[in-house]
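Structure record follows, encoded as structure tokens.
The values are calculated or read from the model by the stated rules, or taken from the named source; none is laboratory data. Just so you know, these numbers come straight off a predicted model, no measurement behind them. Reconstructed Cβ throughout: ideal geometry from the backbone, glycine too, with neighbour counts over all protein chains shown.
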Amino acid sequence: MPITVLGLDADDTLWHNETFYQSTRQRFNELLADFVDAARLEEEIEATERRNLGLYGYGAKGFTLSMMETAIQVSNGNISGRALSEILTIGRELMNHPVEPLPGVHEALQALSEQYRLVLITKGDLFHQESKLAASGLGSFFSGVEIVSEKKRATYERIFSRHGSGPEHAAMAGNSVRSDVLPALEAGSYAALIPFHIVWAHEDAPLPTDHPRFAELPSLAELPRWLADVAENDAH
């Protein structure tokens with residue numbers, strides 16, 4: 001049975017996201033420059049984020065809370081109320097950043113939606129991710145939207161069984177090896193990595209280059225051709 005369902009990641013696969021986090025981190029570094037150097041601050045905020053993922057989950061709200069916690073910690077409680085207010089401001093701006101689809105995404109989704117059932121599978125805050133999808137203008141291409149707390153093997157088994165005939169007859173595409181590729185392959189699906197030029201360290205992992213159901217593609221525009229090749233090979 002051929003692939004019938006295609007799962008797609010959202011942030012940095014369909015639209016810009018990490019670039020806004022990077023600019024927010026830069027402003028955060030500037031606010032804390034009197035207390036700690038940039039390298040150590042990066043280590044501290046990264047550690048705080050990782051520690052808080054199980055409590056806050058992914059997304060801008062959790063990141064804002066982690067920035068405030070880190071600021072209090074590295075300043076030994078001496079951070080000013082004005083600086084904390086500024087952190088809230090840049091966190092709010094992160095929540096409201098413009099949603100800019102990446103080049104070629106609209107055309108690729110148009111082609112893919114004519115052949116497959118498209119399901120958006122993304123991590124993060126429910127309200128924020130729904131808002132970004134609405135603002136992107138891409139929502140009409142998707143027959144399903146799954147906003148999850150984590151992407152694991154069981155996540156893909158459940159979603160691809162709900163929207164299709166199971167993970168063996170589905171494919172997942174996204175920019176994260178850790179979240180979009182490895183667990184989808186473990187579930188028995190095909191998986192395509194669409195790299196983005198900025199990768200959050202938490203999402204990085206070794207590429208499964210020898211896996212027969214994996215491919216690394218330069219852009220989403222190459223996805224229809226790869227899936228067509230998969231279908232042709234399966235037919236043989």
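Whenever a residue of segment 6-28 is farther than 26 Å from G144 by Cα, its partners that are assigned to a loop (DSSP other than H, G, I, E, B) and modelled with pLDDT under 95, lying with C-beta atoms within less than 7 angstrom and at least six residues away or across chains, give the pairs T19/I198; F20/H97; Q22/I198.
Could you check segment 22-41 and list, in sequence order, the residues that are outside any loop (DSSP other than H, G, I, E, B) and either over 20 Å from the mean Cα position of the chain (by Cα) or assigned by TED's automatic domain parsing to the domain that holds A135 (or both)? Walk me through how you get there before you give the answer.
To start, the set of residues in segment 22-41 that are outside any loop (DSSP other than H, G, I, E, B) comprises 22-31, 38-41.
Within segment 22-41, Q26, R27, F28, N29, E30, L31, A38, A39, R40, L41 meet the criteria.
At least 3 residues being modelled with pLDDT of 95 or more is the threshold, and among the helices (runs of 4 or more DSSP H) wholly inside segment 113-211 those reaching it are 153-163, 182-186.
Just one of (1) loosely packed, with under 15 Cβ neighbours inside 10 Å; (2) within 25 Å of the chain's Cα centre (by Cα); (3) part of a loop (DSSP other than H, G, I, E, B) fails for N78. It is (2). Taking residues in segment 97-120 that are within 17 Å of F160 (Cβ to Cβ) and among the charged types (D, E, K, R), and partners anywhere that are surrounded by 19 or more Cβ atoms within 10 Å (Cβ to Cβ) and modelled with pLDDT under 95, the pairs with Cβ atoms closer than 7 Å and at least 6 places apart or on different chains are R117/G164.
Looking at F20, F35, just one residue is closer than 22 Å to A71 by Cα, touching a Ser or Thr at 6+ places or on another chain (Cβ under 8 Å) and surrounded by fewer than 20 Cβ atoms within 10 Å (Cβ to Cβ), and that residue is F35.
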